Each structure stands twice: as structure tokens, then as C-alpha cells.
Number of protein chains: 2
Amino acid sequence: MTSFTEENYLKIIYMLTEQNGGSEVSTNELAEHTQTKAASVSDMLRKLAEKNLINYRKYQGVTLTKEGQHIALSVIRKHRLWEVFLVEKLGFGWDEIHDIAEQLEHIDSKELTEKLDKFLGNPQFDPHGDPIPDAKGKMPSMSSHKLSEIAVDQTVVMVGVTVHSPAFLQHLDKNNITLGCSIRIQEVSEFDKSFTIILNNTQSVFVSNEVAKNLLVK
Amino acid sequence: MTSFTEENYLKIIYMLTEQNGGSEVSTNELAEHTQTKAASVSDMLRKLAEKNLINYRKYQGVTLTKEGQHIALSVIRKHRLWEVFLVEKLGFGWDEIHDIAEQLEHIDSKELTEKLDKFLGNPQFDPHGDPIPDAKGKMPSMSSHKLSEIAVDQTVVMVGVTVHSPAFLQHLDKNNITLGCSIRIQEVSEFDKSFTIILNNTQSVFVSNEVAKNLLVK
DNA sequence: ATTAATTTTTAGGTTTGTCTAAAAATTTGA
DNA sequence: TCAAATTTTTAGACAAACCTAAAAATTAAT
Ligand SMILES: [Mn+2]
Ligand SMILES: [Mn+2]
Ligand SMILES: [Mn+2]
Ligand SMILES: [Mn+2]
């Protein structure tokens, strides 16, 4: 009923709505994230509104309806479960899986999704620390902060990233910063807000503010 | 480069060419198997010929080019590997997997295919006994016969099916006929060519000729 | 060897999702 | 506040993959 393309729009609307703190998503924002032109987005919004998957008032941006949110969450659930599979079972790195999951997230079979979930041990978070919604769409919650907001001497655990680009993830790999590692803040530079941290109580590592802003810790 | 739809055409052309013993596949044959009309098939054949994926002389049917065969075999490889995954890892029955594999066979990632193959232990045959081509397209060979052609008193091993419909597979399940089981032919009815067989040296089972014709044994 | 039946192709359209260019609405800001 | 800048929508087209109806080629039958 919902095409590959429609599913992608719904997923992106969901994510941008989250990012905007719940307020409407604009046509141009969507055009950027769908790699299309605003005119194409307008066409699609008309269609999604027709199908009652989004709330759409011309020129006012969109939000998802219950039904649209349900589909979006199902796509996100599949994306993240497949990412767990790719890393845990097939041995991919966390920087290699996104594009493959972009394809797998559209495979249409409830039984498959639920059996995969069970096979993986009902994981709560994906390899980037993103929460995996359950079959009903409920997200596991976890309060986290940006590393850049943590004060000197505190010790925290790395629980996620806010940027998923291979370049960023590979940079973390090179510095041994992995999900679950412990981080003690040794020093914060007055000048450039860069961090010197102690990883797992053993290794001293330099972290630029740009990186610290995109690391989630708890 | 090759769309979902094109891949399906190539795969079906490959399989029908095999069935025809290597000779050309007709437009109507393809229309049946693609669930479309002959006119649509004609359009697609023109396009596939343009891309040098098939050898096409109007009104004379088609065969695959080297390039077309290569793509077809890659799709078949993925289909059968995913079927192994669904049965061996997720616990699906062999009667439930075909439609899911029809989707998964189009996921485009060589690394994924090769890692999946390794994860599964480089299987040679899928859950229906069909051979899985290797990364270069080479099929493992296995000489087999139809059960219906085996003589009384011989003992053979069940190695495949020539029909994949859920109804047929469920019928086999109900009679405990599974891949790898041993079959001793106790009696063949003169009247209707039906078989009475001994399964795994223990159980006596009745098999109609219609079923025996679609069971492959060795 | 013609004619009849069948198969295949072509012609002309539709739907989905995209595009560019132009028009309309909204927002900014002098 | 009202004109300029920006954003969004509409108009008109296009490619992919399908359709129906009609024409052309092949095959089968007298
Ligand atoms: Mn991802
Ligand atoms: Mn992720
Ligand atoms: Mn199958
Ligand atoms: Mn199979």
C-alpha cells in the first residue's frame, strides 16, 4: 500500500519532526533530506495527505498522523534491527551498514521482523546507540547528554552518536572510542573547548569540540 | 543500473531457459511468469536487448547474454542464500520463505552477500535442495532423479523438490518427508503408479504419483 | 499453398515519481 | 506597512513500467 518512496518520506518526516522538537517540517527541509527538489516534495505531500498519512496545510509544513507515525516507526524499527544484524552477526563495522539498512528497512514481512528481533535477542539499541522501537512503536528511553556539556573530572559512558557519517565513525574507531566505553574528562581547553579524556581508565585521548558535540554519554 | 523489475525478468529468463533445455524463451511464457501481459514483455525485451542483457530477434524468443546470465545468477544466489538464512537462523518453515526471499534477492551489496554466505557456512543447497551458485556463478552439481523413476526395493535419499508451492511443501511436512530423509520403495501400484515407501527405515508412507514426480532423490 | 489461428509487436494511454520554470503565498526588514 | 526576498505550490514534461486494442508476423490446418 505504501511504496518504498512513501516510506522514505514518512521516515524522514518522523526524524525531522523529532529534531524540531515536535513542530512542523518544511518542504525545503524535506527536499534536502530526500535529495529531490521542493516541487517534487510538494507533489508527494499532497499525495501523503490524501492517504491521511500526514497533516498538511499548504505553506504550513507537515506532521505525521497516527497512521503515518506507525509506518515511520515500523521502518525505523526494521532499519535499526538490520543494523544490529549486520554488525553482531555478519561482522560489519558501524561505519559500513547504513546504506545496506536503507534497503533492508523496506522488506515487507511482519513475521520476518519479529523473528529477526528474537534472533538478535530483542536489542534495545542499534550499533550507533539509537533506540529501537518495539513492535507497537514504543521507543526505549535513555536520558543522555552531549559529551561537550559534561564538566571536568566527571566519568561517563559512551552511549551514542548524533552524526552517522562513515568519516565521523571511522574517526572514533581510530581513537578507540566505542559504544559502552568509559570516559573520564581530564581537561577542557579554555581556548577551543576541546577535551582531553581518559578512555576506559587507561588511555588518554584528544577530542575536538566538534567531535564532543556529536558524542552522547550517560 | 539494473532495476528490481529488470532483475526479475533476467532471473525468470534464466530459469525458463534451463527448463527448456537451453532453447529460447517466448514472450508468452514470460508474460505468464511475470504476471504481466505480452505487450509489456515485448517492451521490456526491447529494453533489455538495448542494454545487451539478452539476445533478442523479434518473434524468435530470447536467451541471456553472458552479462545477463551473470546478473541472473547473482539474483538466484542471493535468493537461495537468504532462504537458507530464513530457515536455518530464523526458524521459518520451507513453505514460508519464498515471498520474503523474492524481496531480499534484490538487496544490492556484494559485501553483504559474501558475508551472509560465510555466516551460513557456505551452503551448497537451499532449503528446497536447489543449488546455490558461488560468487562467480558456478552451480554445485548433483545428479538426481525423480522418485517416480526409481524401481521397487531401491533405497534413496530425498534431495529436492521440483515444485515450491506452500501446499505441496506442507503436504510433505505432514507426511514427514524432509530433505535428507532416506526412502526405501516398498511397492509401486500397477494401477495408479502410486508409491508405498519406508521413511528412514521406520515409517511406512503412501505417496501418490503426482507427488513422486515432484520429489528429487539420489 | 492459402487461409485460419496463434503469437508477438506496435500504437496510444495511464500512474508514479521526478524535473524546470513560473506563479502564488509567506516572511523579512527598511 | 509595504516592497523585496524567500519559500512553497502549480503547470507542464519526462522516464519507467504497465495496460488495451489493433496490426503484423509466424505457425498450423485444410
Ligand atoms: Mn542507519
Ligand atoms: Mn543506526
Ligand atoms: Mn524460492
Ligand atoms: Mn528455494
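The values are calculated or read from the model by the stated rules, or taken from the named source; none is laboratory data. None of the values given here were measured: they were computed from a predicted structure. Quick reminder, even Gly has a Cβ in these numbers, built from the backbone with ideal geometry, and neighbours come from all protein chains shown. These area figures cover heavy atoms from the full protein model, side chains too; ligands, DNA and RNA do not enter into them. Shrake-Rupley method; radii C 1.70, N 1.55, O 1.52, S 1.80 Å.
HN-Hα J couplings of the range A:126-131 from phi, Karplus 6.51/-1.76/1.60, θ = phi - 60°, integer Hz, Gly and Pro as x?
Working through the residues one at a time gives 8, x, 9, x, 7, x Hz.
Treating the range B:4-64 as a set of equal point scatterers at the Cα positions, no solvent, please give the Debye-formula log₁₀ I(q)/I(0) at q = 0.16, 0.25 Å⁻¹.
-0.40, -1.07
With runs of 4+ DSSP H residues as the only contributors, calculate the mean residue ellipticity of chain A at 222 nm using -39,500 (n - 2.57) per run, divided by the residue total and rounded to the nearest 500.
-12000 deg cm²/dmol
Evaluate the charge dipole of the range A:69-218 about its Cα centre and quote only its size in Debye, nearest 20, assuming +1 on the Cβ of each Lys and Arg and -1 on the Cβ of each Asp and Glu.
Computed charge dipole of the range A:69-218: roughly 420 debye.
Pop out the carbon and sulfur fraction of the accessible area of the range B:145-217 as a percent, whole number, probe 1.4 Å.
Here carbon and sulfur together make up 51 percent of the probe-accessible area.
What residues qualify as long-range amide H neighbours of A:Val159, i.e. H under 5 Å apart, gap of 5 or more or another chain, H built at 1.01 Å from N?
Distant-sequence amide H within range of A:Val159: A:Gly180, A:Leu216, A:Val217, A:Lys218.
Between the range B:166-218 and the range A:156-210, what is the separation of their alpha carbon centroids in Å?
The distance from the Cα centre of the range B:166-218 to that of the range A:156-210 comes to 63 Å.
Given contacts defined as C-alpha pairs under 8 Å and at least six residues apart, what's the relative contact order of the range B:145-217, whole-number percent?
42
Could you go through the range B:70-78 in sequence order and give the Karplus-derived ³J(HN,Hα) for each residue, using 6.51 cos²θ - 1.76 cosθ + 1.60 with θ = phi - 60°, rounded to whole Hz, and x for Gly and Pro?
Listing the rounded values in order: 4, 5, 4, 5, 5, 5, 5, 4, 5 Hz.
Name the residue farthest towards the positive end of the dipole of chain A from the options A:Phe119, A:Gln186, A:Ile97, assuming +1 on Cβ of Lys and Arg, -1 on Cβ of Asp and Glu, about the Cα centre.
A:Phe119
Run the quick spin-label model on B:Met139 and B:Tyr59: label points 7 Å from Cα toward the beta carbon, then report their separation in nm to one decimal.
My value for the distance between the label points is 3.2 nm.
Nm distances between the label at B:Lys37 and the same-position labels in the remaining copies, 7 Å along Cα→Cβ, shortest first?
Copy-to-copy label distances at B:Lys37, shortest first: 3.3 nm.
Can you tell me the Rg and Dmax of the protein assembly as shown, counting just the alpha carbons, in angstroms?
Cα only, the protein assembly as shown: 27.3, 96 Å (Rg, Dmax).
Of B:Glu190, B:Glu67, B:Glu114, which is the most mobile in a GNM of chain B whose springs link Cα atoms less than 10 angstrom apart?
B:Glu190
Distances from A:Gln60 to the same position in the other copies: list them in nm, one decimal, shortest first, using label points 7 Å from Cα along Cα→Cβ.
6.5
Have a look at the range B:103-123 and report residues whose accessible surface goes down by 30 Å² or more when the remaining protein chains are included, against the chain on its own, probe 1.4 Å, ligands and DNA/RNA excluded.
When all protein chains are present, B:Gln103, B:Leu104, B:Ile107, B:Leu112, B:Lys115, B:Phe119 each give up 30 Å² or more of accessible surface.
For the range B:133-143, what does the Karplus curve 6.51 cos²θ - 1.76 cosθ + 1.60, with θ = phi - 60°, yield as ³J(HN,Hα) per residue in whole Hz, taken in order and with x for Gly and Pro?
Whole-Hz 3J(HN,Hα) from phi for the range B:133-143: x, 7, 4, 8, x, 7, 8, x, 9, 7, 6.
Could you order the peptides A:154-167, B:75-88 from most to least packed, using the average number of other C-beta atoms within 10 Å per residue?
In decreasing order of mean packing, A:154-167, B:75-88 become B:75-88, A:154-167.
Dividing the alpha-carbon Rg of the range B:145-217 by 2.2 N^0.38 Å yields what?
0.97
If you fit an axis through the alpha-carbon atoms of helix A:4-19 and take the longest principal axis of the Cα set of chain A, what angle between them do you get, 0 to 90°, nearest 10?
50
If the label for B:Gly180 sits 7 angstrom from Cα along the Cα-to-Cβ line, what are its distances to the same label in every other copy, in nm to one decimal, shortest first?
Result for B:Gly180, in nm, nearest copy first: 3.2.
May I ask for the angle, rounded to the nearest 10°, between helix B:110-119 and the longest principal axis of chain B, with both axes built from Cα atoms and the value confined to 0 to 90°?
Computed tilt is about 20 degrees.
How about A:Lys218: which aspartates and glutamates have a C-alpha closer than 12 Å to its C-alpha, ignoring those fewer than 8 places off in the same chain?
Counting by Cα, and skipping residues close in sequence, A:Lys218 has these aspartates and glutamates nearby: A:Glu149.
At q = 0.10, 0.11 Å⁻¹, work out log10 I(q)/I(0) for chain A with the Debye formula, treating every Cα as an identical point scatterer and leaving solvent out; two decimals please.
-0.52, -0.62
Return one number: the angle in degrees, 0 to 90 and rounded to the nearest 10, between the long axis of the Cα atoms of helix A:38-50 and the longest principal axis of the Cα atoms of chain A.
60
Between A and B, buried accessible area summed over both sides at probe 1.4 Å, in Å² to the nearest 100?
When A and B are taken together, about 1600 Å² of accessible area is lost.
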